[in-house]
1. Taking residue 82 and the conditions (1) under 23 Å from residue 25 (Cβ atoms); (2) more than 16 Å from ligand 1 (Cβ to nearest atom); (3) outside any strand (DSSP E or B), which numbered condition does it fall short on, given that it satisfies the others?
2. Condition (residue is under 14 Å from residue 162 (Cα atoms) and away from ligand 2 (no atom under 16 Å from the Cβ)) applied to the stretch 12-29: is it met by at least one residue?
3. Taking the residues in the stretch 31-55 that are more than 14 Å from ligand 2 (Cβ to nearest atom) and surrounded by fewer than 19 Cβ atoms within 10 Å (Cβ to Cβ) as candidates, determine which candidate is nearest to residue 200 (Cα to Cα).
4. From the set of residues in the stretch 1-20 that are farther than 25 Å from residue 72 by Cβ and part of a strand (DSSP E or B), which is farthest from ligand 1 (Cβ to nearest atom)?
5. Within the stretch 128-156, how many residues turn out to be in contact with a strand residue (DSSP E or B) (Cβ under 7 Å, 6 or more places away or on another chain) and surrounded by fewer than 20 Cβ atoms within 10 Å (Cβ to Cβ)?
6. Out of the stretch 92-105, which residues are surrounded by 13 or more Cβ atoms within 10 Å (Cβ to Cβ) and either at pLDDT below 95 or in a loop (DSSP other than H, G, I, E, B) (or both)?
7. Sort out which residues of the stretch 26-55 are part of a strand (DSSP E or B) and out of contact with any helix residue (DSSP H, G or I) (no Cβ under 8 Å at 6 or more places or on another chain), and write them in order of number.
8. Please list, ordered by first then second residue, the pairs with beta carbon atoms under 9 Å, 6 or more apart or interchain, first in the stretch 34-62 and more than 20 Å from residue 14 (Cα to Cα) and in contact (Cβ under 8 Å) with a residue 40 or more places away in the chain, second assigned to a loop (DSSP other than H, G, I, E, B) and more than 9 Å from ligand 2 (Cβ to nearest atom).
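The values are calculated or read from the model by the stated rules, or taken from the named source; none is laboratory data. What you see is a predicted model, and the numbers here were worked out from it, not measured in a lab. In this analysis, Cβ positions are derived from the backbone assuming ideal geometry, glycine residues included, and neighbour counts consider all displayed protein chains.
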Ligand SMILES: Nc1ncnc2c1ncn2[C@@H]1O[C@H](COP(=O)(O)OP(=O)(O)O)[C@@H](O)[C@H]1O
Ligand SMILES: [Mg+2]
């Protein structure tokens, strides 16, 4: 589903990623762990096409990312990659339902169809009763579920998560992790998750350890 080869990235003169290779199969849940500053978020941004590598190749479900122009790339990202961040990044002025619909609207799906699909996902994730609530009216665990719903709405090839449970108490963290595994079991959803959560790293299919911009074994 995802293949990155020999990824290099520097910020100014400072090398951050020094040749990272990573492959993720469909339906796999891979966690990335490592000390703060190791380059995990930088790598995740590049895998998510939010940032460009200086050197290296990235294929997502067979598409060569570097062959896409800026417009095609943003459409590809919106349709095929879901993101979940440590802080939910939901838009405060919009309800849960509206937030979940936004990637579908950007794709060109009509309002009615988008809302039906968004409600299905909110229901699946156990937060349908929050559909008309704004982010500040929801708990941290609910906000993260709504972010996962937003990540799912366009049926992405892969979901990339950067410390998704980093801001949750242990009970909500465990429930969120369980949700990822449920989505994998039901829909063969693929995940790459940067995490400091040892329990999540332990139960993942595979854990990638990073140190100083490289993958260590
Ligand atoms: N936009 C940026 N400009 C300059 N340096 C950056 C930028 N983003 C990250 N860095 C640096 O790159 C290194 C790796 O950061 P990051 O990928 O966020 O690590 P991690 O997620 O593993 O904690 C850090 O030293 C950080 O300061
Ligand atoms: Mg980080």
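1. Result: residue 82 passes all but (3).
2. Pass one, the stretch 12-29, residues under 14 Å from residue 162 (Cα atoms): 29.
From what's left, away from ligand 2 (no atom under 16 Å from the Cβ): 29.
Checked against the condition, which is being under 14 Å from residue 162 (Cα atoms) and away from ligand 2 (no atom under 16 Å from the Cβ), the stretch 12-29 yields at least one hit.
3. Residues of the stretch 31-55 more than 14 Å from ligand 2 (Cβ to nearest atom): 49, 52-55.
So of that shortlist, the ones also surrounded by fewer than 19 Cβ atoms within 10 Å (Cβ to Cβ) come out as 52, 54-55.
Working: 52: 28, 54: 31, 55: 31 Å.
Checking each candidate, the answer is 52.
4. From the stretch 1-20, those farther than 25 Å from residue 72 by Cβ are 10-16, 18-19; that's our starting set.
Within this subset, residues satisfying the condition of being part of a strand (DSSP E or B) are 10-11, 14-16, 18-19.
On the way: 10: 9, 11: 3, 14: 6, 15: 9, 16: 4, 18: 11, 19: 15 Å.
Checked the stretch 1-20; the qualifying residue farthest from ligand 1 (Cβ to nearest atom) is 19.
5. Number satisfying all stated conditions: 0.
6. Just the residues of the stretch 92-105 that are surrounded by 13 or more Cβ atoms within 10 Å (Cβ to Cβ), to begin with: 94-105.
Result: 94, 95.
7. From the stretch 26-55, those part of a strand (DSSP E or B) are 29-33, 55; that's our starting set.
Selection gives 30, 55.
8. 58/49; 60/1; 60/49; 60/157; 61/1; 61/26; 61/157
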